[in-house]
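The values are calculated or read from the model by the stated rules, or taken from the named source; none is laboratory data. Here the structure is a predicted model, which is why all the values come from computation and not from measurement. In this analysis, Cβ positions are derived from the backbone assuming ideal geometry, glycine residues included, and neighbour counts consider all displayed protein chains. The area values use the complete protein model at the heavy-atom level, side chains included, leaving out ligands, DNA and RNA. Shrake-Rupley method; radii C 1.70, N 1.55, O 1.52, S 1.80 Å.
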Amino acid sequence: MILIDIINILRESKKVYIMPHVSVDGDGLGSSIALGLALEKIGTSVEVWLEEDVPSVYSFLPGSKLIRVYNGEVDLPREDIGTVVALDAGDLARLGKRVEIFNNAEITINIDHHNTNDEFAQYNYVNVTSSSVGEILYQLIKMMGIEFDRDIATCLYVAISTDTGGFRYSNTTSVTHQIAGDLLNSGVNVADVSQKVFDTVSYEKVMLMGAAINSLELFENGKIAFITISDDVMMSTGAKEEDCDGIVNIGRNIRGVEVAVMMRSRSDGELKVNLRSNSYVNVSEIAKLYSGGGHKRAAGCTVKGNIEDIKSKLLDDIRKVL
Ligand SMILES: [Mn+2]
């Protein structure tokens, strides 16, 4: 599938629903709003459907009037759901409850950059060489001839800068920088955006980071770092679920660590696992063993079961590829 085919479908769509993955991040949200604002400019009716509220770190983004939160209780007549675009989601499970909307759409589109993407839509565009979906949407919006205003540029800049860790990760290319440069020409205020996205943290998150550091364990001569966050920790720190975002980097950043794991264990038996690597382990392969997915250096999965059992199995799986 090439981008121009998707562009033609989008041009003909009168109503477009956009949905990023659950536990939305900067790339999913920034890309969704950017596409929404761009399509609005050509007269399309747009709604961005999220699984949860906008994470507070991204509350400064424009386009809030486009955003709806799906709790499973909205009854949408089939004829109302024209085209649905899934963004930054590797498989249908990443759409959570909103899969009901997706399955009832006339036309389904999937735009993504995860190498584990299983091409679940009618029209799929997966570019694994793109740092972010934001980078793909920059091309798409440009090819559609829609002008970048400051709002669209800011959303794309947030998408690209967050997925590249502020242009530091190995997915950053010269093209990434060229696109960022062009977005700056469209009015992005880099200092303001960076301060809000990277350098602002709630007190509760700082407390969560403290608890995460206390839980930190190293294995295999310091090559594996393991952080565990339980419901008790969430309660005692007052942190929100979104505050767990990035906690895994505390382990990853330790000198000598190759693989870092953050396990968010809930009392209902569900475990959310974040995996990061520094230079050679392909963590998306490990996540796949648990029906998860992601990228070489950043992946994740959700597992059910006993925390100690899963932890020792995960450690075994990581040891095999160290
Ligand atoms: Mn992404």
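Numbers below:
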item: Accessible-area composition of segment 203-321, carbon plus sulfur, in percent [1.4 Å probe]; result: 50 percent
item: Gain in span if fully extended, H177 to K65, counting 0.36 nm per residue against the direct Cα distance; result: 37.3 nm
item: Carbon plus sulfur fraction of accessible area for segment 64-183, probe 1.4 Å, in percent; result: 44 percent
item: C-alpha center-to-center spacing [segment 156-188, segment 232-303] in angstrom; result: 24 Å
item: Label-point separation, D149 to D53 (7 Å along Cα→Cβ), nm; result: 2.7 nm
item: Of K65/K240; K15/K240; K41/K196; K142/K196; K15/K65; K272/K296, those spanning more than 22 Å from alpha-carbon to alpha-carbon; result: K65/K240; K15/K240; K41/K196; K142/K196
item: Estimated FRET transfer efficiency (D316, S236; beta-carbon r; R0 35 Å; 0.05); result: 0.65
item: Mean accessible surface per residue for segment 1-107, computed with a 1.4 Å probe while every protein chain stays in place, in Å²; result: 41 Å²
item: Antiparallel %, DSSP beta bridges [both residues in segment 126-285], to 5; result: 60 percent
item: Rounded tilt (10° steps) of 133-143 against the dominant C-alpha axis of the chain; result: 10 degrees
item: Scattering profile of segment 103-197 at q = 0.20 Å⁻¹ [log10 I(q)/I(0), Debye over alpha-carbon scatterers]; result: -0.98
item: Diffusion coefficient, µm² s⁻¹, Stokes-Einstein with Kirkwood Rh over alpha-carbon pairs of segment 143-194 at 20 °C and 1.002 mPa s; result: 191 µm²/s
item: Accessible area (Å², 1.4 Å probe, nearest 10) - R94; result: 90 Å²
item: D268-N127 FRET efficiency (beta carbon distance; Förster radius 35 Å; 0.05 resolution); result: 0.45
item: Kirkwood estimate for segment 203-321, i.e. one over the average of 1/r between Cα atoms, Å; result: 14.1 Å
item: Residues listed by number, segment 188-222, amide nitrogen under 16 Å from R168 label point at 7 Å toward C-beta; result: 194-201
item: Segment 23-111, relative contact order [Cα under 8 Å, separation at least 6], %; result: 28 percent
item: For segment 1-62: relative contact order, % (alpha-carbon pairs under 8 angstrom, 6 or more apart); result: 39 percent
item: Distribution of pairwise C-alpha distances over the chain, 20 Å bins, in %; result: 32, 58, 9
item: Å² per residue, accessible surface of segment 198-285 at 1.4 Å; result: 50 Å²
item: Along each principal axis, Cα extent of segment 116-271, largest first, Å; result: 51, 35, 34
